[in-house]
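Below: the structure, in structure tokens.
The values are calculated or read from the model by the stated rules, or taken from the named source; none is laboratory data. The structure displayed is predicted, hence computed values, not measured ones. Here Cβ is always computed from backbone atoms with ideal geometry, including for glycine, and neighbour counts include all displayed protein chains.
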Amino acid sequence: MTLFFVLFSSFVQASTQPLHVMIDPGHGGTDTGAVRGKAREAEIALKVGTYLKTLLEQDSNYQASLTRTTDKSLSLQERVELAEELKADLFLSIHANAASDRRARGVEFYFQNHLPADEETLFLAATENKVAKSNALENQNTQDPTKKNDVLSIVEDLKRTHRMVSSHKLSKKLLMAWEETNPEIKNNSNIIRQAPFYVVSRANMPSVLIELGFLTNPKEADRLINPEYQKEIAQKIYRGLQKYKDLMDKSNLASLN
Ligand SMILES: [Zn+2]
């Protein structure tokens, strides 16, 4: 009963409180991310993130923070720690994609999958994880899961599942916001994906990584460096966050009644 209460109260957030969104513009400083011609991932992510912060600040339902406000290097661990220190409710990492096929295009949303922590460290495929790879491998041997208290493991597992479910819900709401202006992406089951990117797996709050589009697609790269389009994207993310908050407020009310 006590365990249930602890879990219940930590999951149910009072709807009167603003939703604190930690916006994480990917890369920065020496880590430029994907670069194609004039289009630099780190710069696009910072612009979109900054526009989004401005939108959220005008709405009393939200509080917004940025992991970086300038073109500076920041480790993936520092980004997550900052969000946890500030007790953010959501973590939203903003990126732009690159692919060998120039035809690849469109937005993608990633949330955590359910790999055990030790398998996560073996995930090497994604460029978004490069910076964290060596750190993760170093830390791998310092944690011994068998020493964990059983109840603690259950609580951690439930929290992790709750985070994953919430992250999936957030991804779906963001996708719905995108579909409002891009009906052609409807029914594309590949847009929401799961991957153990460091920032979405390690943050202790619901977390989604958005790949805004492909810099390797010339048309998309041109759009992504356009300030008007960057503002449009920030609007879409804001709409998605509104849909998510509505859903959370409704389910919190239902569980309190
Ligand atoms: Zn990236």
- Which one of these is within 30 Å of ALA254 (Cβ to Cβ), modelled with pLDDT of 95 or more and of a type in the set (Lys, Arg): LYS47, LYS87, LYS72, LYS53? LYS87
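ASP222 - would you say it is part of a helix (DSSP H, G or I) and over 20 Å from GLU84 (Cα atoms)?
Against the criterion (part of a helix (DSSP H, G or I) and over 20 Å from GLU84 (Cα atoms)), ASP222 qualifies.
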- Which listed residue, of GLU180, GLU211, GLU220, is away from the ligand (no atom under 16 Å from the Cβ) and more than 22 Å from PRO18 (Cα to Cα): GLU180
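Look through segment 33-58, keep the residues that are among the hydrophobic types (A, V, I, L, M, F, W, C) and in a helix (DSSP H, G or I), and return whichever of them is nearest to ASN129 (Cα to Cα).
ALA42
Name the residue that is surrounded by the fewest Cβ atoms within 10 Å (Cβ to Cβ), counting only residues in segment 190-229 that are among the polar types (S, T, N, Q) and under 22 Å from ARG102 (Cβ atoms). First the steps, then the outcome.
Let us first name the residues in segment 190-229 that are among the polar types (S, T, N, Q), namely 190, 194, 201, 204, 207, 216-217, 226.
With under 22 Å from ARG102 (Cβ atoms) added as a condition, the list becomes 190, 216-217, 226.
Values: ASN190: 8, THR216: 20, ASN217: 21, ASN226: 12.
Per the stated criteria, the residue is ASN190.
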- Task: Please state which of the following conditions LYS186 fails to meet, knowing it meets all the rest: (1) modelled with pLDDT of 75 or more; (2) surrounded by 13 or more Cβ atoms within 10 Å (Cβ to Cβ).
- Result: (2)
- Quick one: PRO227 ticks every box in (1) modelled with pLDDT of 95 or more; (2) within 16 Å of the ligand (Cβ to nearest atom) except a single one, so which number is it? (2)
